[in-house]
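Asker: Questions regarding the structure given below will be posed in turn.
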Amino acid sequence: MLESARLFDVYQGEPIPTGKKSLAYKLTYRTTDRTLNDDEVAKVHAKIAKAAEKRLGATLRA
């Protein structure tokens, strides 16, 4: 379902705390057999965010 993930921005500075950085990714979700609905994408997106938090210590920012 996750077709690609591309890092498009890295930022360090205010308001990001010292020693931290903000990474922005473009995530593309796709299936070949049907159109995905918002709930399906949201569930996968939440799993990805949770895995990044657990494995990398990442924090999702809005």
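Laboratory data are not the source of any read-out in this text; all were calculated from the coordinates shown. Since we're looking at a predicted model, the values are computed, not measured.
Asker: Output wanted: per-residue J couplings in Hz (rounded whole) for segment 52-62, from phi through Karplus 6.51 cos²θ - 1.76 cosθ + 1.60, θ = phi - 60°, x for Gly and Pro.
Answerer: 5, 5, 5, 7, 10, x, 6, 10, 7, 10, 7
Asker: What is the count of Lys pairs in the chain whose alpha carbons sit under 18 Å apart, if the two are 8 or more places apart or on different chains?
Answerer: Details: Lys20/Lys54; Lys21/Lys54; Lys26/Lys43; Lys26/Lys47; Lys26/Lys50; Lys43/Lys54.
Count of close lysine pairs: 6.
Asker: For Cα extents along the principal axes in Å, one of (1) 45, 22, 18; (2) 34, 24, 15; (3) 34, 29, 19 was computed from the structure I shared and the rest are decoys. Which label?
Answerer: Label (1) holds the value from this structure.
Asker: Sticking with this structure for a sec: Please list, ordered by chain and number, the residues whose modelled amide H lies under 5 Å from the amide H of Ala58; skip anything fewer than 5 residues away on the same chain.
Answerer: Counting only residues 5 or more places away or on other chains, the set is Glu53.
Asker: Using only alpha carbon pairs under 8 Å that are at least six residues apart, calculate the relative contact order of the chain and give it in whole percent.
Answerer: On the way: 53 pairs, mean separation 16.8, N = 62.
In percent, rounded to a whole number, it is 27.
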